[in-house]
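Here the structure comes first, spelled out in structure tokens, and everything after it is commentary.
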Amino acid sequence: MAEFCDVALAVPLDAAFTYRVPDGMEPVVGGRVLVPFRQQRLSGIVVKLHDTQPSVQTKNLISLLDSTPVLDDQLLQLAKWIAGYYLAPLGEVFRTMLPLGAEFKRSIAYRITDAGHLALHQAGMSGSSARARRTPEEQLAEFRVLDYLSEREEVPEQRLRSATKAARALLAGMVRKKWIQREDRSDVQDAARSIRVAVLKSAEGKLNQNQRTLVDTLAAAGGYVSVETLQMLEIPRTTLGTLVKRGLVEIHEEAADFTMSNLKPRPSPFDFEFNAAQKEALRRIQDGMSARKFTGLLLHGVTGSGKTAVYLAGMRTVLDAGRSAILLVPEIGLTPAVAADLHQVFGEQVAILHSGLSDQERAEQWHRIKRGEARMVVGTRSAVFAPVSDLALVIVDEEQDSSYKQEETPRYHARDVAVVRAKMANAVVVLGSATPSLESYFNTRQKKYALVELPDRVEQRPLPEVKIIDMRQEFQETGQEAVISRTLATEIKDRLDRGEQAMVLLNRRGYSPLVLCRACGHHLECKNCAVALTHHKRDHRMVCHYCGFAAPVPKVCGECGSEYVYFVGTGSEKLEELLHGIFPQARIGRLDRDTVRGREDFERALNALNAGDLDLLVGTQMIAKGHDIHGVTLVGVVGADAALGFPDFRAAERTFQLLTQVAGRAGRGQTPGKVILQTFFPDHYAVQFAANHDFHGFYDKELRFRSWMHYPPYSALANVLVRSDKLDEALQWSGILGKWFEKTRHEGIRVLGPAPAPIVRLKRDYRYHFILKSTSRERLNSTLRTLLTYAAQQKIPRTQVVVDVDALWLM
């Protein structure tokens, strides 16, 4: 048995930590252990077992959380690749890979020390009169804590703070004074989900009206109802307790069911005859799986061409062979529909993984996959780490979507991780999209992936007609700044009169994105970020969409006191209101982050649209991709070209993709579709190519611009962000790194900066950045590692230097 083990912990340090293995413990590489770290307990992953005595004193492991590895050799190898490529601490990569937080309970407790008893005694000796003499508030708070702890042996942090109203900072200060001792009692816990059910044992005896209602409800349901359902009845909650005491009802604890999706599954894709292009795509996937060699395929199919049917057919081949497959979708909103399709085809072999599930649900689904109970996995970016065995197929749907890039450590791109995982497993990876990223399409030209195209919609349905409305001309003709053009209003009315459905996209949530004083020009800005607050009318507040800060809606200007406060611009909430005013009889729904708090809200809206209970759906980019609603024959696009003004080299690509994707929602049924595209930039090539459904034309033109400026895919790119809540520190640190770049030769590396980030302050941090470009990923990676080493030598905290390799968001 090894004497020591190296453990990777989820801390921002690029190192593993060595612990002594106590007698009787047998940790395994890839298994979790509980260890002491500074003043707390942390769970970590064992990465090495050895007998090499460290040069420093080691602590013992506290306990083993697993007797067998939770991460197999392939996933360990993948984690090390992510840590190396994206320059992320290995422990933080493991934390992202394992959705098992529900199995570890963080628990802190406090006890009073001898010094604390002495301090309390001295405070008591001074008499209550001394405390009555306007004692400083902090002294009073400390006295309350000591007084409370003196009568108890050990108190959990939550109970202590609740009883004494003490802030965490106060408790930390008392620990430093050695008046109280902080004990970390964190440990494993049972993460199994359960529900309480009421079981009717007898309906005899005298019952009052409330008791009779509850008993009748139980009897009508067969004598078995969840307690949660009974609590929704309009009777006192004590009624159930009374019946339990009388022995008429018993309460049992049972394992909770998991609902894969509440959406009605679409018609099975296998009910239709595949066209020649679909058959060829499926054959290419099957050939790759049969060869058990890595195969990279880019499936480029126009909207409505039946890509999902090809995915499901490929996954059925995998399941028939007794192997496993992973299907990634970019957003939680797309997961329920795809999960419903998969569940219809594959039944209980399907598991679902995304952040919209509770911690317990994610852990439950992960264990189902690990045990081999589910071999078809669907989810958002983190599902790429699903612990499937014998992986044969990985599918990345809408592979161009920026949601696949994580914007916190580790800053991995799920599409690229999927490719690497497929290589390690000798599996097939399919990247699917109607608007592939330039990088992926460029890789087909470089023969890194094979290109498979679906050029036509299923059943030869036509692509929608696109009409461009020049909003500059609209203003000249009407003399008004209209949100809904006359053409779009007329087309919507025609669809409503015919009993058809329509979608209107405005990729900006809220009511108004800017509040401006007409007297002095002052605008209301977030106190934590250098961005304007957005007006949310329904919630009666101003909200920052970056940090979540909220403020009351101003009645007067906070700068000059003027009452001429003006709400500028239109968001999806205001658009919904405008449409209600124009079409008062229409049934209108809205789909954005304000109306969708969880997957149930999303499912409810899509079910209503599918069932014909909605005439018109308004929304942000959540409605733009993946949805297959056959009743939608018109799509209106309002202000989608606003992104063209962003200081981002990908602005044109993102605009083209969004316009093409949302246009693809129209005409997916038997009735041809139409798209009304309102724009202030009608001549921009991204708008023109999107209107003509011309991906290849856009690709060639955009690629020329990228090559001139040495941007991806012609070079690798990294964004190095220096941040601090103190402006002087951010300037000093970025200056130190800037001088290092000037003095040090970095062959083959282009460095832009330092410069203020476009959003110079975000979540209280001032931000300055460098952009690095290189044709060699190895040189870029080496330079970034050297940079981080130098930053550490200059005492710049590791958490304040953010390295984003293959950055998508440069704001």
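If you line up the Cα atoms of the stretch 422-472 on their principal axes, what length do they span on each, largest first, in Å?
Principal extents (largest minus smallest coordinate, Cα): 52, 33, 17 Å.
Using protein chains only and a probe of 1.4 angstrom, how many square angstrom of residue 81 are accessible, to the nearest 10?
Number for this one is 80 Å².
Need one number for the stretch 326-376: average projected area of the convex hull over its C-alpha atoms, nm².
That works out to 3.3 nm².
Hey, what's the per residue convex hull volume over the C-alpha atoms of the stretch 714-774, in cubic angstrom?
67 Å³
Suppose we look only past 36 Å in the calculated P(r) of the chain. What percent of the Cα-Cα pairs does that tail hold? Numbers along the way, then the final one.
On the way: 187808 of 328455 pairs.
For the chain, the fraction of Cα-Cα distances above 36 Å is 57 percent.
Give me the dipole magnitude in Debye, nearest 20, for the stretch 1-99 about the Cα centre, with unit charges on the beta carbon: positive for Lys and Arg, negative for Asp and Glu. Let's see the in-between values first.
Working: 8 positive and 10 negative charges, 75 e Å.
Dipole about the Cα centre, nearest 20: 360 debye.
Tell me, what is the FRET efficiency for residue 279 and residue 700 to the nearest 0.05, using R0 = 22 angstrom and their Cβ-Cβ distance as r?
0.15
With the cut-off at 11 Å, report for the stretch 465-508 the share of all Cα pairs above it, as a whole percent.
71 percent
Note down the Stokes-Einstein diffusion coefficient of the stretch 553-613 in µm²/s, whole number, using a Kirkwood radius over alpha carbon pairs, 25 °C, and 0.890 mPa s.
The estimated diffusion coefficient comes to 171 µm²/s.
Can you tell me, using C-alpha contacts under 8 Å and at least 6 residues apart, the relative contact order of the chain as a whole percent? Numbers along the way, then the final one.
Values: 1526 pairs, mean separation 78.8, N = 811.
Computed over the chain, the figure is 10 percent.
D for the stretch 1-58, whole µm²/s, Stokes-Einstein with Kirkwood Rh over alpha-carbon pairs at 25 °C and 0.890 mPa s: what number?
Estimated via Stokes-Einstein, D reaches 210 µm²/s.
Which three semi-axes in whole Å describe the equivalent ellipsoid of the stretch 527-650, each the square root of 5 times a Cα gyration tensor eigenvalue, listed largest first?
So the equivalent ellipsoid measures 30, 18, 15 Å along its semi-axes.
Rank these residues by their accessible area, most exposed first, probe 1.4 Å: 764, 283, 590.
Details: 764 135, 283 100, 590 30 Å².
Largest accessible area first, the list is 764, 283, 590.
How compact and how long is the stretch 282-333, expressed as Rg and Dmax of its alpha-carbon atoms in Å?
11.9, 35
Compute the projected area of the convex hull of the Cα atoms of the stretch 760-811, averaged over all viewing directions, and report it in nm² to one decimal place.
4.1 nm²
Can you give the % of DSSP beta bridges in the chain that are antiparallel, to the nearest 5?
Counting only bridges with both partners in the chain, antiparallel ones make up about 60 percent.
Can you pull the accessible area of residue 542 for me, 1.4 Å probe, Å² to the nearest 10?
Probe radius 1.4 Å; accessible area of residue 542 about 0 Å².
Evaluate the distance, in nm, between pseudo-label points positioned 7 Å from the Cα of residue 467 and of residue 793 along their respective Cα→Cβ axes.
6.6 nm
Working from the alpha-carbon coordinates of the stretch 354-410, get Rg over Rh, Rh being the Kirkwood radius.
0.97
Whenever you get a sec, line up 546, 511 from highest to lowest accessible area (probe 1.4 Å, protein heavy atoms). Don't jump to the answer; show the numbers that get you there.
Details: 546 100, 511 30 Å².
Putting 546, 511 in descending order of accessible area: 546, 511.
Extent of the stretch 665-811 along each principal axis, from alpha carbon coordinates, in Å, largest to smallest?
Ordered largest first, the stretch 665-811 gives principal extents of 65, 35, 27 Å.
To the nearest 10 Å², what's residue 357's accessible area with a 1.4 Å probe?
The value for residue 357 is about 10 Å².
What is the distance, in nm, between label points placed 7 Å from the Cα along the Cα-to-Cβ direction at residue 498 and at residue 445?
Spacing of the two 7 Å Cα→Cβ label points: 4.0 nm.
At 1.4 Å probe size, with every protein chain present, just tell me what the per residue accessible area of the chain comes to in Å².
That works out to 47 Å² per residue.
In vacuum, with every alpha carbon of the stretch 449-549 counted as one equal point scatterer, what does the Debye formula give for log10 I(q)/I(0) at q = 0.16, 0.18, 0.19 Å⁻¹? Two decimals, please.
-0.97, -1.03, -1.06
Could you give the nm distance between label points at residue 147 and residue 707, where each point is 7 Å from its Cα heading toward the beta carbon?
7.9 nm
Give me the Kirkwood hydrodynamic radius of the stretch 623-670, using the inverse of the mean 1/r over all pairs of distinct Cα atoms, in Å to one decimal.
Here the Kirkwood hydrodynamic radius works out to 11.6 Å.
In the chain, which cysteines lack any other cysteine Cβ under 4.7 Å from their own?
Lone cysteines by the Cβ rule: 5, 547.
For the chain, what % of the accessible area comes from carbon and sulfur atoms, probe 1.4 Å? Mind showing how you got there, number by number?
Details: 18280 of 37860 Å².
After summing per-atom areas, the C and S share lands at 48 percent.
Any chance you could tell me what percent of the C-alpha pair distances in the stretch 364-486 go past 24 Å?
Here the tail beyond 24 Å accounts for 50 percent of pairs.
Which value, in Å³ per residue, describes the convex hull spanned by the Cα atoms of the stretch 303-355?
Dividing the Cα hull volume of the stretch 303-355 by its residue count gives 82 Å³.
Cα-based Rg (one decimal) and Dmax (whole number) for the stretch 144-256, in Å?
22.3, 64
Among 19, 148, what's the order by accessible area (1.4 angstrom probe), most exposed first?
148, 19
The values are calculated or read from the model by the stated rules, or taken from the named source; none is laboratory data. Worth saying up front: this structure is predicted, and the values here are computed from it rather than measured. Neighbour counts run over all protein chains shown; Cβ positions are idealised from the backbone, glycine included. What goes into the accessible areas is simple: the full protein's heavy atoms, side chains included, and nothing from ligands, DNA or RNA. Shrake-Rupley method; radii C 1.70, N 1.55, O 1.52, S 1.80 Å.
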